[in-house]
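Below is one structure; the comments refer to it alone.
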Amino acid sequence: MEEFFQQLTNGLAVGAIYALIALGYTMVYGVLKLINFAHGELFTIGSYLGLTLLTSLGLSDVFGPVLAILLLAAMVMGLVAVVGALLERTAYRPLRESPRLSAVVSALGASIFFQNAVMLIYGARLRVYPLGILPRTAVNLFGIYLPLVKLLILFASVAIMTALYLYIHKTRIGTAIRAAAIDQGAARLMGIDVDRVILIVFLIGPALGGAAGLMVGLLYGQINFTMGWVYGLKAFTAAILGGIGNIPGAMVGGILLGVIEAMGAAYISIAWKDAIAFVVLILILIVRPTGLLGERVAEKV
Amino acid sequence: MRDHSKIIYSTMTVLLAMSPLFLNKYWVDVLNNVGLYAILGLSLNIIVGHAGLFNLGHAAFYAVGAYTAAIFNTRFNIPVLWLLPLCALSAGLFAAIVMRPIIHLRGDYLCIVTIGLGEIVRIALINDIFGITQGANGIFGIDRPSIFGISIRRPHEFFYLIWGFVAVSVFFFHRLENSRFGRALNYLREDEVAAEGSGINVAHYKLACFVIGAAWAGMVGDIFASKMTIISPESFSFWESVLLFTLILLGGSASIPGVILGAFLIVGLPEVFRGIANARMLIFGGAMIAMMIFRTEGILPSRPRRYVLPDESSGESRA
Amino acid sequence: MRKILFFTAAFCLIAATTFGASTIKIGLMAPLTGPWASEGQDMKQIVELLAGELNEHGGLLGKKVEVISADDGGDPKTAALAAQKLVTQDVVGAIGTYGSSITEASQNIYDESKVIQIANGSTAVRLTAKGLKYFFRTSPRDDEQGRVGVQALEKFGYKNVAILHDNTTYAKGLAEEARALLEKKNVNIVFYDALTPGERDYTAILTKMKSARPDGVFFTGYYPECGLLLRQKKEMNWNVPFLGGDANNNPDLIKIAGTDAAEGFYFLSPPVPQDLPSREASDFLKAYKKKYGTTPGSIWAVLSGDGFRVLTAAIKATGSTDSDKVADYLHNKLKNYPGLTGTISFDDKGDRVGEVYRVYRVNAKGEFILQP
């Protein structure tokens, strides 16, 4: 039983990061109906920027670790959001009226471009976050070991997701985003500036991805230029699992995917872990063709 | 206009057929890779281009064909070219079985499911499923193909085998897209509900096009296996499926010349850019974005169907 | 048709020989891009350094040596193309490459064109079991490593051992080798599974492994994953000893794990140049440091340097670039050649002769210490 709960917490920690990245996919999809395949690379950029800022600015000497990390997170999120907005401007906006598959190829191109840009700037070797920014102690909860860092990250991602949920559901801009997701034309007629909504979505989504990148760097230490591909695919799976376009769906999907992976590894086979996750996904989609929380509307083209 | 393009195409064909005479082994082998990608592209084109279905897991079907060839050749010593029908059958059957329950999924849901299938197949191959795929090592010692007792070994010999197969594929897919079947696929791509309303059994047609595409990819798998003599799971990664998908949309979806051009671009460009070594994939990614912005429909998009009406006045109709 | 083919072939041949007369071309097939790019870049630097030195001392048979490198991308298909490319440029021999399955995809191409191939990081047993006349390797084989690994585990006195690999050709081969040997010695294998390389979170695997209660863990995969395993194991407060395979011999391991988590980690490796007493090794290190400012990242790249050295030595000794003569020399006459990684001789299969593997331990400062 102890092992079960340990595995559950392992899965939750992995899932929380998937969920953060999945939010970026799902928000963009909701408004533009575009799978932003470059989103995983924005995540990578976040973790590399975090490393650069961390090692070059020496924030923790001036402000102490807690404030330094918060400041760092704010800077990384801001910078990645700018990259995201630029990406939208150059690679997606010209294709807004084009067939959807063309935009997908553009997204794949952007993914390759960013991945190699990171490689050229930082080198092909893996990079490592300096140790000792955050205390390396573990909390013992009834026999379950939880590193403090992991606990903090779990807490931070839940906080970010709650904030986003409130933002989307309680503010005017949030309402506009939801309206544009349902019907862009009608939203425009209602006086919503859809271009602005899209811009906001491309600021928030990448910022969350960047935050996830920073978290992975702080938590696991090791980063490399190809990791966005792996995380991106997982997060995309999570977004679909929850029902793409649906924000709570992405959160649920991400956490569920993390838990499925941990449980699959623990009780079936480690080597088959990813295959198990995909089999579960396919089974869920057979029963619920639009994901767990996806709306079941017939898509009329 | 049409005559013009006919001249261009026939000159290109002749030039291509002669190319082994003046190219060295290396470039001929590059052309062989282009040929393999062209056939794979054509087989995927029926799914992505004509039916408009989002398939990012085509490498799975290709892998099933390649492994069928490898297993039967190394265990039972059946010559690889005789295995072509069997590879087509196994890949087609595999597609029919796995796609059956999920064929009704829409757009992006189908996309992730095909990605998932590709990954499941790859992981299964790595984990030596049923003890026949030999895990990450892959299967080695596959025979080279032979025609009438002549063994095909060198790139120049493979060139004629592969490009002969390209010619057969072009013929087959050209006939297919102009058939009743091809028109039905186009219809369901443009408007699924209307197609259903006009009496097209949408699920049936979607499944059929997956089976045909998969079977054709399975045959390419056979040739690939015999060319490499060793196959391993890493040759059938998600990246491979992404390349195939990209080449179709770069060249021109639902257009045979477009797909072949796409194969040249996707294999050729990185080779040409080898001079700039590290930045070559960066440029490649940038080029993908630029091409989509400036040629949204691909470089050689498919033309609307033209039909000459019986009463001499020519008319156009869009499928 | 045949005539035309014949004439073009003949023309190419003549063109190539007149062209290639001024230099001796040696190919280097290395993963210059892709997942193992850092290894490949090191290989290129080392071989180019050695070629430069050789040319400064008058070259080979009165000619300059030219290194032609081709990128195999760490992928079998690209490797086949790279091999084709080198063969077309009439190299006398090719050095490389790193991964076993990558090397395998190129073996036939070299063999059919009678080009000598000397692999540097390909340890899978079967590569030399095919009876290819022109294939050699300066790296040891997996079965030898398995034997040394099992010896070490025995010496540590573990009764219950967990084996973890990563499903790559190399790691799985080593894991299977070790499992078979351990089972013969009545050691319990309490855990045997594979992780997925390239991920970040291995806590699920560690938790599962921990519940199997092993006395020691043998991880046969590569250093990026091993560093994470060590780090996450420490964070879980689990103090089981780890033994790693030779792909862990990389300074980045310590950076990932942190010195406190890496301390006490054992791994197998051919001795690194720093630990070799020979003059060749120390001269090479000095020259490398002078030119590139660092020490080579891993032993595998250095082994490509040895490949280059034995190949050029054989050409020098036979006074010929004829593949048959050179291969014959390497098989039969080259004995105890002073290499960068110890003495080198080849057996009739092309394998390197002799015990190469040693056990290393990471000390409290994160340094790799050769164990007696």
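The values are calculated or read from the model by the stated rules, or taken from the named source; none is laboratory data. Only a predicted model underlies this, so the values are computations on that prediction, with no experimental measurement involved. Positions of Cβ are backbone-derived with ideal geometry, glycine not excepted, and every protein chain shown enters the neighbour counts. The area values use the complete protein model at the heavy-atom level, side chains included, leaving out ligands, DNA and RNA. Shrake-Rupley method; radii C 1.70, N 1.55, O 1.52, S 1.80 Å.
In region B:184-207, what residues are in contact with a His (Cβ under 8 Å, 6 or more places away or on another chain) and open to solvent by less than 40 Å² (accessible area, probe 1.4 Å)?
Listed by number, the residues that qualify are B:185, B:186.
Among the residues of region B:157-206, just one is touching a Lys or Arg at 6+ places or on another chain (Cβ under 7 Å) and more than 14 Å from chain A (Cβ to nearest Cβ), namely B:158.
For region C:116-132, the set of residues classified as open to solvent by 10 Å² or more (accessible area, probe 1.4 Å) and of a type outside the set (Gly, Ala, Ser) consists of C:125, C:126, C:130, C:132, listed by residue number. Does any residue in region B:118-136 that is within 13 Å of chain A (Cβ to nearest Cβ) and closer than 11 Å to residue B:59 by Cα come within less than 7 Å, Cβ to Cβ, of a residue that is surrounded by fewer than 22 Cβ atoms within 10 Å (Cβ to Cβ) and among the hydroxyl-bearing types (Ser, Thr, Tyr) six or more places away or on a different chain, and which pairs are these? Listed by first residue and then by second, the contacts come to B:122/B:237.
Among the residues making up region C:42-100, those that are surrounded by fewer than 18 Cβ atoms within 10 Å (Cβ to Cβ) and of a type in the set (D, E, K, R) are C:48, C:53, C:56, C:63, C:64, C:66.
Filter region B:118-138 down to the residues that are within 25 Å of the chain's Cα centre (by Cα) and outside any helix (DSSP H, G or I), then identify the one that is surrounded by the fewest Cβ atoms within 10 Å (Cβ to Cβ). Looking at the filtered set, the residue picked out is B:133. Tell me, yes or no, whether region A:56-77 has at least one residue that is at pLDDT below 85, open to solvent by less than 30 Å² (accessible area, probe 1.4 Å), in contact with a helix residue (DSSP H, G or I) (Cβ under 6 Å, 6 or more places away or on another chain) and more than 14 Å from chain B (Cβ to nearest Cβ). Within region A:56-77 (the criterion being at pLDDT below 85, open to solvent by less than 30 Å² (accessible area, probe 1.4 Å), in contact with a helix residue (DSSP H, G or I) (Cβ under 6 Å, 6 or more places away or on another chain) and more than 14 Å from chain B (Cβ to nearest Cβ)), the answer is yes, since at least one residue qualifies. Those residues that are within 30 Å of residue A:133 (Cα to Cα) and surrounded by 14 or more Cβ atoms within 10 Å (Cβ to Cβ), I need them from region C:265-294; list them, please. Hits for region C:265-294 are C:265, C:266, C:267. Six or more apart or on different chains, Cβ under 6 Å: which pairs go from a residue in region A:132-157 that's of a type in the set (S, T, N, Q) to one that's open to solvent by 40 Å² or more (accessible area, probe 1.4 Å)? Could you list them? These pairs meet every condition: A:137/A:148. Just one of the listed residues (B:158, B:181) is surrounded by 23 or more Cβ atoms within 10 Å (Cβ to Cβ) and either among the aromatic types (Phe, Trp, Tyr) or farther than 24 Å from residue A:287 by Cα (or both), and it is B:158.
Put simply, of B:212, B:230, B:223 the only residue that is within 9 Å of another protein chain (Cβ to nearest Cβ) and of a type in the set (A, V, I, L, M) is B:230. Quick check on residue C:372: is it open to solvent by 70 Å² or more (accessible area, probe 1.4 Å) and of a type outside the set (D, E, K, R)? Criteria met by residue C:372.
The number of residues in region A:200-233 that are within 14 Å of another protein chain (Cβ to nearest Cβ), outside any loop (DSSP other than H, G, I, E, B) and either among the polar types (S, T, N, Q) or open to solvent by 20 Å² or more (accessible area, probe 1.4 Å) (or both) comes to 5. Scanning region A:87-99 for residues that are outside any helix (DSSP H, G or I) and more than 14 Å from residue B:290 (Cβ to Cβ), we see that the one that is most open to solvent (accessible area, probe 1.4 Å) is A:97. Restricted to region A:100-135, and to residues there that are facing another protein chain (nearest Cβ under 7 Å) and part of a loop (DSSP other than H, G, I, E, B), the residue that is least open to solvent (accessible area, probe 1.4 Å) is A:126.
For every residue, the table says whether it meets (1) open to solvent by less than 20 Å² (accessible area, probe 1.4 Å); (2) under 30 Å from residue B:272 (Cβ atoms).
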position: B:8; (1), (2): no, yes
position: B:13; (1), (2): no, yes
position: B:38; (1), (2): yes, yes
position: B:59; (1), (2): yes, yes
position: B:79; (1), (2): no, no
position: B:92; (1), (2): yes, no
position: B:98; (1), (2): no, no
position: B:101; (1), (2): no, no
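Checking each residue in region A:136-156 for being touching an Asp or Glu at 6+ places or on another chain (Cβ under 6 Å) and assigned to a loop (DSSP other than H, G, I, E, B) picks out only A:143. Note on region B:233-245: among residues that are hydrophobic (A, V, I, L, M, F, W, C) and more than 9 Å from every other protein chain (Cβ to nearest Cβ), the one that is surrounded by the most Cβ atoms within 10 Å (Cβ to Cβ) is B:244. When residues in region C:167-201 are screened for being within 9 Å of chain A (Cβ to nearest Cβ) and either surrounded by fewer than 24 Cβ atoms within 10 Å (Cβ to Cβ) or part of a strand (DSSP E or B) (or both), 8 of them pass.
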